[in-house]
Amino acid sequence: MPRLSVPLSRRLRYSHQALALFLVLLAALWLLLAHAMPAPPKQVGIATAFKGGAYEHFGQRYQQALQAEHIRSTLVPSQGSLENLRLLKDPASGVHLAFVQGGVSNAERSPGLVSLGRINHQILWIFHRAEYPFSNLTQLKNKRIAVGPQDSGTRVLADQVLKLHGIGAANAQLLPLAGEAAAEALLTGQADVIFMAFAADSPLVQRLLHDDRVQLLSLRQAEAITRHLSFLVRLVLPQGAIDLERNQPMLDVELLATTNAVLVREDLHPDLVQLLTRFLVAEHGQAGLFQRAGEFPLNSDPEYPMAAAALRYYKQGPSFLQRLLPLSMAVQVERMAALLLSAAALFFPLFNYAPRIYRWWIRERLHLPYRQLRTVEARLQEPISELDAARLLRELDALSDKVRQLGVPSRHSDLFFELQSDIQLVRMRLRELLTTPVNTAHATLRSA
């Protein structure tokens, strides 16, 4: 009985070859996915602003949230919104996220940036010393006014509001002070008025609101100003909203405000975008002086396009894996799932064709023995001597042994027996030729 099973050494060699092919294909898929689904950055830069401002406060809160997700972050101080925009648009700056005040730019002037939403009102606080009361901005001529650095959102906003009241560098001293420096200048008498475009929950604003040495200016013309500057809205700080026991403020205070946006570059990893959007909802969704619970963040932006991943989060919430795992782990699991699905999509069709391919491969291995058999069969078309016949019989025996050593699997026995049957037919024909009278006489003549 012929040996149809594959020898152990050969089976091991085939197994190693199949394993190597599988690993190569798997590595190719992994590289493809790494290009199509890159991992989110492990280091995030956040452009804030000057010390003591709301942007710095928010940046610190985001930094803590990112640390909980095992993502390192760096706070990049700046002069304000305009510098934040420049940093964000420069990939070499290392800044991935920036807080930007509404009204300083838009998608046309700052292409390539997308918004995660508007997070709160950016109030234009105008503080003055309590002993020098003001009732109208036109009274600020020839006064020392801290309006913030040239590149700050506060400066952009203050310049536009002051210009409406006929005030500029020609008739007032505009000081490039902001944040803690501006507050200190006001308290020490080095400034008469300070403009601060901060959120209501800024620690510095809260401190000034509770300081009896300063007073908050109420803009009675706030509604009129919004008609000239459409990106601004009028807000009212109700009487007693700061301190009901002390009735601060003693009267309703009319204020101007824009909104703050959180911007990122449009190529930021979508998983990181969704994670940051989750921070926005958690950090800015509470009620405040000028907002109801859930009013912010806004899932729309009047100046920049919204990030697609952020909109998806607002509509659907976090993915199932991101609810259970930190971002880095969730991304790896998602990539592994994508890899397995891609491998399945690639290998399942191959499995369907594998039997045909394997049968073709077996036939190819039997192709050379068939060529040798055809050579022997062609020799039988002419008379041969007994010596040639004996040599051809030995070739057929060797060919039959060679076919046995090929180790044709038992499930392809038909191919094995088909070739062995053909060898046997040629062998029988060779013997018949030797027994025919013509061939015998010819063999006798050739031997003589």
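The values are calculated or read from the model by the stated rules, or taken from the named source; none is laboratory data. All of these numbers come straight from a predicted model, not from anything done at the bench. Using ideal geometry, Cβ is built from the backbone for each residue, glycine included, and neighbour counts are taken over all protein chains shown. The protein model used for the area step is the full one, side chains on, heavy atoms only, and it has no ligands, DNA or RNA in it. Shrake-Rupley method; radii C 1.70, N 1.55, O 1.52, S 1.80 Å.
Structural remarks
- For H128, the conditions (1) touching a helix residue (DSSP H, G or I) at 6+ places or on another chain (Cβ under 8 Å); (2) modelled with pLDDT of 95 or more; (3) open to solvent by 70 Å² or more (accessible area, probe 1.4 Å); (4) not hydrophobic (A, V, I, L, M, F, W, C) are fulfilled apart from (3).
- Hits in region 165-189 (condition: under 43 Å from the mean Cα position of the chain (by Cα) and either over 29 Å from P203 (Cα atoms) or in a loop (DSSP other than H, G, I, E, B) (or both)): P176, L177, A178
- Applying the set (1) open to solvent by 40 Å² or more (accessible area, probe 1.4 Å); (2) under 22 Å from T48 (Cβ atoms); (3) at pLDDT 90 or above to Q286 leaves exactly one unmet item: (3).
- All of (1) within 29 Å of E283 (Cα to Cα); (2) touching a residue at least 40 places away in the same chain (Cβ under 8 Å) hold for D243 with one exception: (2).
- Cβ-Cβ distances below 8 Å connect the following pairs, each with a first residue in region 203-215 that is open to solvent by 70 Å² or more (accessible area, probe 1.4 Å), a second residue that is aromatic (F, W, Y), and a separation of six or more residues or different chains: Q215/F127.
- Any hit, region 352-374, residues being outside any helix (DSSP H, G or I) and open to solvent by less than 80 Å² (accessible area, probe 1.4 Å): no
- Positions within region 391-421 being of a type in the set (G, A, S) and open to solvent by less than 40 Å² (accessible area, probe 1.4 Å), in sequence order: S400, G407, S413
- Selection of first residues in region 150-167 that are at pLDDT below 95 and of second residues that are open to solvent by 10 Å² or more (accessible area, probe 1.4 Å) and of a type in the set (D, E), restricted to Cβ pairs under 9 Å at least 6 apart or on distinct chains, gives the following pairs, ordered by first then second residue: D151/E83; S152/E83.
- Subset of region 246-280 [free of Cβ contacts under 8 Å to residues at least 24 places away in the same chain and either touching a Pro at 6+ places or on another chain (Cβ under 7 Å) or among the basic types (K, R) (or both)]: R246
- Among the residues making up region 255-283, those that are touching an Asp or Glu at 6+ places or on another chain (Cβ under 9 Å) and at pLDDT below 90 are D271, L275.
- Taking region 1-111 as the region of interest, the helices (runs of 4 or more DSSP H) fully inside it that hold 1 or more residues being modelled with pLDDT under 75 are 8-36.
- All positions within region 225-254 that are under 45 Å from the mean Cα position of the chain (by Cα), among the polar types (S, T, N, Q) and open to solvent by less than 50 Å² (accessible area, probe 1.4 Å): T226
- From the options A257, A182, A222, residue that is farther than 30 Å from T277 by Cβ, in contact with a Leu (Cβ under 6 Å, 6 or more places away or on another chain) and open to solvent by less than 20 Å² (accessible area, probe 1.4 Å): A222
- When region 161-178 is limited to residues that are within 17 Å of R220 (Cβ to Cβ) and among the hydrophobic types (A, V, I, L, M, F, W, C), the one that is surrounded by the fewest Cβ atoms within 10 Å (Cβ to Cβ) turns out to be L164.
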